[in-house]
Amino acid sequence: MKRLAIFISPLVLLGCVAKAPDSTIGEVAGKAPGKWSATRQAKSGVDSHWVRRFGDRRLTEVVNEALRRNHDMRIAAERVKRAGEAAKLSGAASRPQVGLTTSGLDRKMRFVGFPFGGSITSETYGVDLKVGWEPDIWGRARAGKSAAIAEWQAGGQEYRAARASLAAQVCKAWFAIAEANEQVALARKALAIREKTGEAVRERFERDLRAEGGSASQLRLAQADVAAAKADLSAKRGNLETARRQLELLVGRYPAGKMSGRAGLPRVPASPPSGLPSGLLLRRPDILAAERRYASVSKRIREAQLAMFPSFKLTGSSGTTTDALGSILNSNFGVWSVGANVFYPILTGGRIRGEVRIRKSKQREALASLHKTVLNAFGEVEQALANERWLRRREGEIREARDIARDAATAAENDYRDGSGDVLTMLA
């Protein structure tokens, strides 16, 4: 056993230690523009609590509930855990492998050819501690583990991206309920207006009918408008129920269509800090995940290239062999062995070089995917900034159109009631 301990000690000390590959995001950040084209402002800082900016405590609670209970989040979390375990296991082959075996054999042998024949019975017992190790001299195992760590980091960033996406989906569903509530309220108001208009047309029809004979077509048009307004109200109620079910699914509840939300849309909060384009690369989890995928594939190339080098394997064992079970731990019956072998790949049918070419192709693919992710991220921010500017302008124009339409409707109703206007103008 003492000899085996002397053999194991240097193996443990020479165990390889791998780390995550260095970040390559700086190569991409150098190509980022100095400012956003859709806005002149470029505030610094990151708004990491953007949900709270809406000032809705109930919304914050619903988002947190979704992050806890959403099944997609649970699936993503388990994937990250598996990637972490895979990263730990990736370096197992380069560590010393130690195992203990025990054996017992009871054997009977017969002698053939002797005048009187005969047999002999023997017993053999043994215990062996075996050690095997393939030292990572060239760093192939370290490259593989470094790649696995990068894949685990990419999974973590993708999990962060999934959480951010879920929070955004919950907010959209929450405000979809608020919008649906307002649409239902507007549909009720529209129905009330149509019913009021229909009543005015009916009164004039009855008055004209008593006088000279009223036009039934105008009354029918008004009644058709009332029926259409009722149908629109039913559709808006259905949309509200659908929005509730969508939110319930996101939160992880049964989609009963009963979950309540905001009664109306909130006041638009102040614009969040947009930051500099280069800063976006350091805080977008989808970009960081793509960068880690690229770094992982780069390490896989190194791993494949090092397969061309010779590999070394050391083996050793120490134990006892005896014919008496009681002496199995007696060092006087000790046996040991130490061995080594070297394997140098000469002819592999092009497997190693082919694997290198495949991984280089994957590296180019990962780099293109990284650039695509970065460009899409820039596009999303630019479009969001532009949309905000145009939506604010459109909001003012819609308010102006609403006020004009309200005045026109009042004037048309008054003209119709005093006989100077026609029903089509009032129903329009």
Residue within the stretch 370-380 that is aromatic (F, W, Y) and surrounded by fewer than 16 Cβ atoms within 10 Å (Cβ to Cβ) present: no
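Just give me the residues in the stretch 72-99 being among the polar types (S, T, N, Q) and either modelled with pLDDT of 90 or more or surrounded by fewer than 17 Cβ atoms within 10 Å (Cβ to Cβ) (or both), in sequence order.
Q97
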Residue identified as in contact (Cβ under 8 Å) with a residue 60 or more places away in the chain and more than 30 Å from F312 (Cβ to Cβ) among R160, R107, R95, R142: R160
Search result, residues across the stretch 374-406 that are among the acidic types (D, E) and closer than 26 Å to L288 by Cα: E380, E382
Selected residue (only one of L281, L265 is among the aliphatic types (A, V, I, L, M), assigned to a loop (DSSP other than H, G, I, E, B) and either at pLDDT below 85 or in contact with a His (Cβ under 9 Å, 6 or more places away or on another chain) (or both)): L265
Flag if I328 is touching a residue at least 40 places away in the same chain (Cβ under 8 Å), buried (at least 16 other Cβ atoms within 10 Å of the Cβ) and over 30 Å from K130 (Cα atoms): no
Failed item in (1) at pLDDT 90 or above; (2) surrounded by 15 or more Cβ atoms within 10 Å (Cβ to Cβ), with R69 passing the rest: (2)
Only one of R163, R194, R220 that is loosely packed, with under 15 Cβ neighbours inside 10 Å and not β-branched (V, I, T): R220
All positions within the stretch 58-102 that are among the small types (G, A, S), part of a helix (DSSP H, G or I) and either out of contact with any Lys or Arg (no Cβ under 8 Å at 6 or more places or on another chain) or farther than 23 Å from S146 by Cβ (or both): A66, A76, A77, A83, G84, A86, A92, A93
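The values are calculated or read from the model by the stated rules, or taken from the named source; none is laboratory data. Being a predicted model, the structure only gives us computed values, none of them experimental. Don't worry about glycine lacking a Cβ; one is built from the backbone with ideal geometry, like all the others, and counts go over all protein chains shown.
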